[in-house]
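> Structure incoming, see below.
Laboratory data are not the source of any read-out in this text; all were calculated from the coordinates shown. No experiment lies behind these values; they were computed from the predicted model shown. Counting neighbours? That spans all protein chains shown, and the Cβs are built from the backbone with ideal geometry, glycine included.
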Amino acid sequence: MRNFLAVALTLLAAGSTLAAAQEKESLNEVAATIGRTFISDQGVPNTSFFDNTVHFGKGLSFEGDYARTFKRYSWGSLAAEVPVIINPDEDLNFGLNQVPLQYSSIFITPAARLTLMPNLAVSPWFSFGGGIGHFIASKNMIFYGPNPGPRINTTGVLQGGVGMDVRLPGLRSTRFRVEARDDWSGEPPINVNTGKTRQHNYYVGGGLVFHF
């Protein structure tokens, strides 16, 4: 019995030391994901020609995210994060030669993130924050000719996100992430009045998270 208790106490101490080390190592994380940005089509009021709706493509997009955990609970953790989403080529389509060929965007939105059950194999999380968005429209119009309108717009952005991190077998400090984020921003410079002042930019992607 004494030997059993000694072994049990030794294992408990080792487990506590390992857990403390893991907790210390996982204060910081860097994530990289790739996905698509989805934007709802927008009609142009007071027009009646064929295809009078601005159609947005599904731009291949990239996200980088740094986060640092500052509070832990038995059921979850709180972290501050800085997600950066880049959409380098958002194609446009419209019935007349009035919109740019495409535009690019970048959203930088510092946020607070709540992760539930971070020590389990699957950890869901929720994010909310805000920052800035920057749009740059193409120099060329959709069909022909140079773009005569303003090409740059910087706007405030609200960000909300959900996702989950999945532990990978044999990789203690690396997880797989799937996520969806909504960057609610001002309108990009597309030269036509859609009657809107803001739009939802939905990013859906997946990638890897590295803890250190």
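> Can you tell me which residue within segment 170-188, out of those that are part of a loop (DSSP other than H, G, I, E, B) and not acidic (Asp, Glu), is farthest from Asp41 (Cα to Cα)? Lay out the reasoning, then the answer.
So the first thing to find is which residues in segment 170-188 are part of a loop (DSSP other than H, G, I, E, B), and the list is 170, 187-188.
Keeping just the survivors that are not acidic (Asp, Glu) gives 170, 188.
Values: Gly170: 44, Pro188: 13 Å.
Once the filter is applied, the top-ranked residue is Gly170.
> Considering each residue of segment 70-102, count those that are within 22 Å of Val192 (Cβ to Cβ) and in a loop (DSSP other than H, G, I, E, B), and give that number.
Within segment 70-102, the first condition is being within 22 Å of Val192 (Cβ to Cβ), and the residues that meet it are 87, 89-102.
Remaining after also requiring in a loop (DSSP other than H, G, I, E, B): 94-99, 101.
Here the count works out to 7.
> Looking only at residues that are of a type in the set (S, T, N, Q) and not in a loop (DSSP other than H, G, I, E, B) in segment 103-120, which one is nearest to Pro83 (Cα to Cα)? Spell out how you get there, then give the answer.
Here is the first cut: in segment 103-120, the residues of a type in the set (S, T, N, Q) are 104-105, 109, 115, 119.
Those still in the list that are not in a loop (DSSP other than H, G, I, E, B) too: 104-105, 115.
Details: Ser104: 17, Ser105: 14, Thr115: 15 Å.
Of everything passing the filter in segment 103-120, Ser105 is nearest to Pro83 (Cα to Cα).
> Residues in segment 194-212 that are in contact with a helix residue (DSSP H, G or I) (Cβ under 7 Å, 6 or more places away or on another chain) and either charged (D, E, K, R) or outside any strand (DSSP E or B) (or both): how many?
Here is the first cut: in segment 194-212, the residues in contact with a helix residue (DSSP H, G or I) (Cβ under 7 Å, 6 or more places away or on another chain) are 211-212.
Subset that is either charged (D, E, K, R) or outside any strand (DSSP E or B) (or both): 212.
Adding up the residues that qualify gives 1.
> Given (1) closer than 19 Å to Ser104 by Cβ; (2) of a type outside the set (Asp, Glu); (3) free of Cβ contacts under 8 Å to residues at least 60 places away in the same chain, where does Gly130 come up short, assuming only one miss?
Exception for Gly130: condition (1).
> What is the residue count in segment 70-97 for residues that are in contact with a Pro (Cβ under 9 Å, 6 or more places away or on another chain), in contact (Cβ under 8 Å) with a residue 60 or more places away in the chain and under 20 Å from Val162 (Cβ atoms)?
1
> In the list Pro124, Pro118, Pro146, which residue meets the criterion of being out of contact with any Phe, Trp or Tyr (no Cβ under 8 Å at 6 or more places or on another chain), more than 22 Å from Asp41 (Cβ to Cβ) and buried (at least 18 other Cβ atoms within 10 Å of the Cβ)?
Working: Pro124 fails: buried (at least 18 other Cβ atoms within 10 Å of the Cβ); Pro146 fails: buried (at least 18 other Cβ atoms within 10 Å of the Cβ).
Every option except Pro118 fails the conditions.
> To continue, here is another question. Take segment 37-69 and flag every residue that is assigned to a strand (DSSP E or B), touching a residue at least 40 places away in the same chain (Cβ under 8 Å) and either of a type in the set (Ser, Thr, Tyr) or surrounded by fewer than 16 Cβ atoms within 10 Å (Cβ to Cβ) (or both).
Thr37, Gly43, Thr53, Ser61, Arg68, Thr69
> So if I check each of Asn191, Asn153, which one is part of a strand (DSSP E or B), more than 17 Å from the chain's Cα centre (by Cα) and buried (at least 16 other Cβ atoms within 10 Å of the Cβ)?
Numbers: Asn191 fails: part of a strand (DSSP E or B).
Residue meeting the stated conditions: Asn153.
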